Amino acid sequence: MIVRMQPDPRFKEIIKKYKENGKKKNIILTCHGGGSWGAYEIGYMLRMSEISLLSVVNSAVGTSVGALNVSLLGVHIYEDFEPAVKIWSDILKNENIYERQLNIPTIIWQGICKSSSILDPTKGLYKILQTKFGNMKFSECKIPVYVCATKLDKNTYSDGGVGQNLPIKKSLELQPDALINLGCAPDMGNDDILKVYGGNDKIVDGCKSSSAVPVLFPPFMENGEKSKSFIDYGISLINTMQVVMEELDWTLMDQYIKLMEYTKNKKINILNGYPKVSLGHDFLDFSKVNIDIEKGYVDACQYLTAEIVEEFLK
């Protein structure tokens, strides 16, 4: 149970003033991957909702568990955010998300891949997604929502929300004026492997695709077709910022330097929401979800002061 903090009354005036201003920014929210750690992001977003900061977001991009979080945002951005939080707070144990499969084929596969387990999300994660979103489409979200997944047979971006195909290593070209960048680990970098954006227009399918951690979860096959197999985008890019901002190839080591250069040259404001230290448990441990929600909420309360939000919206 999260102990709520009363928002500073100034937030209401700050948001009202921004919305009445004729020079609004194009504000993009990004959510990174991280399995169970995504609960931290949803706690952070809960506080953003309380202070009405979520209401100024124009579009959202997410990868892996961040895909689920931005999909929830797309549905609940202008209303009570509690139902989005409840999707997470109802997760009390690993079995709510996946079951461990113990049979000869998977044991052999485990040995080949040197993996400790093969997980079945059918009765857990997939059931949660289907119950929450049903046949809802990204095009029905209240703001444009994009989720990222790696398509196994084609080096292109395939935009699930719009249906366009873009060349490899091209960004969405959303051209943000400001970015709210949420992550769930102290250091979120990326690998320069295959970068593919996509899925189809169904939210359920997009989230399944983006969360299909290789070896651990099975690939998602659109309409059961192997030629349309998708896996977790985190295998190529766990930090979603590059998809949003430009055709950038940042390594883990230089991403912070490049980010500072980018923000200086482009005059873009960025709010970063990360835990200051590790959340202290494995990303497949879903027994601590409610603790992580609270950590995200508390960190947001401490960081998102009226002064910081006002400066961000200038």
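One table, with the values for the structure above:
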read-out	value
Pairs, first of a type in the set (Asp, Glu) in the range 24-41, second assigned to a helix (DSSP H, G or I) and buried (at least 24 other Cβ atoms within 10 Å of the Cβ), C-beta under 7 Å, six or more apart	41/66; 41/69; 41/296
Filtered residues of the range 6-37 (kept if of a type in the set (Gly, Ala, Ser) and out of contact with any Cys (no Cβ under 6 Å at 6 or more places or on another chain))	22, 33, 35, 36
Among the residues listed as 276, 267, the single one being over 19 Å from the mean Cα position of the chain (by Cα), at pLDDT below 85, farther than 17 Å from residue 53 by Cα and open to solvent by 30 Å² or more (accessible area, probe 1.4 Å)	267
Every pair of residues 6+ apart whose Cβ atoms lie under 7 Å, when the first sits in the range 295-314 and is within 17 Å of residue 19 (Cα to Cα) while the second is open to solvent by 20 Å² or more (accessible area, probe 1.4 Å) and among the hydroxyl-bearing types (Ser, Thr, Tyr)	none
Flag if residue 75 is within 24 Å of residue 137 (Cα to Cα), in contact with a Ser or Thr (Cβ under 7 Å, 6 or more places away or on another chain) and touching a residue at least 40 places away in the same chain (Cβ under 8 Å)	no
Wholly within the range 1-111, helices (runs of 4 or more DSSP H) carrying at least 1 residues that are open to solvent by 30 Å² or more (accessible area, probe 1.4 Å) and touching a His at 6+ places or on another chain (Cβ under 7 Å)	82-89
Search result, residues across the range 66-97 that are at pLDDT below 90 and either of a type in the set (S, T, N, Q) or under 16 Å from residue 35 (Cα atoms) (or both)	66, 67
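The values are calculated or read from the model by the stated rules, or taken from the named source; none is laboratory data. Quantities reported herein were computed from a predicted structural model and do not represent experimental measurements. Heads up, the Cβs are rebuilt from the backbone with ideal geometry, glycines too, and the neighbour counts pull from every protein chain shown. Side chains are part of the model used for accessible areas, which takes the heavy atoms of the whole protein and leaves out ligands, DNA and RNA. Shrake-Rupley method; radii C 1.70, N 1.55, O 1.52, S 1.80 Å.
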